[in-house]
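Bear in mind these aren't lab numbers, they're just calculated from the coordinates by the rules spelled out. Here the structure is a predicted model, which is why all the values come from computation and not from measurement. Ideal geometry is used to build each Cβ from the backbone, glycine not excepted, and the neighbour counts take in all protein chains shown.
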Amino acid sequence: MALEPGLHKTVKLHVGEDDTATHFRSGSVAVLATPRLVALCEEAACKAVDPLLPPGRTSVGLRIQMDHVAPVKIGSDIIAEATLEKVEGRRLTFSVKAYGEPGTICAGIITRVVVDADSFLAKIH
């Protein structure tokens, strides 16, 4: 199977204390943190394509555009979905959304780029 539009993955999260804005220091209320929500959506995107990447290749984040539209309380169960919408060379564009007990929680676009892991890591030294 190749990297092509339509690849899809979902991941689930039971929101706990470690998932809150107060824990992430991204706010002062104990609700699901936006950074945690972004990470969950990126996890879904990675899981959609990682099994299809050649050995030594991975994808890295390039751009995140997301609207976080509803608060989520501790104890809630949520689902994040990522669907590969476009493949342009090494650039992968995903539509993402999360939903659960409050309904729609977020929606957006995540762009990732396929890289050689060793070459990518060599750039930081």
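Brief remarks on what is shown
- Cα-centred dipole magnitude for segment 8-122, charges only on beta-carbon of K, R (+1) and D, E (-1), debye, nearest 20: 260 debye
- Highest-MSF residue in the chain out of Pro54, Pro35, Pro102 [GNM, Cα springs under 10 Å]: Pro54
- The GNM of the chain, with springs linking C-alpha atoms under 10 angstrom apart, assigns the highest mean-square fluctuation among Val38, Val69, Val87 to Val69.
- To the nearest ten degrees, helix 34-49 and the longest principal axis of the Cα atoms of the chain are 40 degrees apart.
- Of Leu52, Val15, Ala70, farthest towards positive along the dipole that unit charges on Lys, Arg, Asp, Glu beta carbons give segment 8-122: Leu52
- When you work out D = kT/(6 pi eta Rh) for segment 1-64 at 20 °C and 1.002 mPa s, using the Kirkwood radius from C-alpha pairs as Rh and the Stokes-Einstein form, the result is 159 µm²/s.
- Segment 104-125 and segment 27-57: distance between their alpha carbon centers, rounded to Å: 10 Å
- Placing a label point 7 Å from the Cα of Ser26 along the Cα-to-Cβ line, the residues of segment 90-125 whose backbone N sits under 13 Å from it are 106-107.
- Pair Leu62, Lys47: separation of 7 Å Cα→Cβ label points (nm): 2.4 nm
- Using equal-weight Cα scatterers in the Debye expression, the normalised intensity of the chain in log10 at q = 0.20, 0.23 Å⁻¹ is -1.05, -1.22.
- Note on Asp77 and Lys12: the extension gain reaches 22.7 nm, defined as 0.36 nm multiplied by sequence separation minus the Cα-Cα distance.
- Take every pair of alpha-carbon atoms less than 8 Å apart whose residues are at least six positions apart; their mean separation over the length of segment 8-122 yields a relative contact order of 29 percent.
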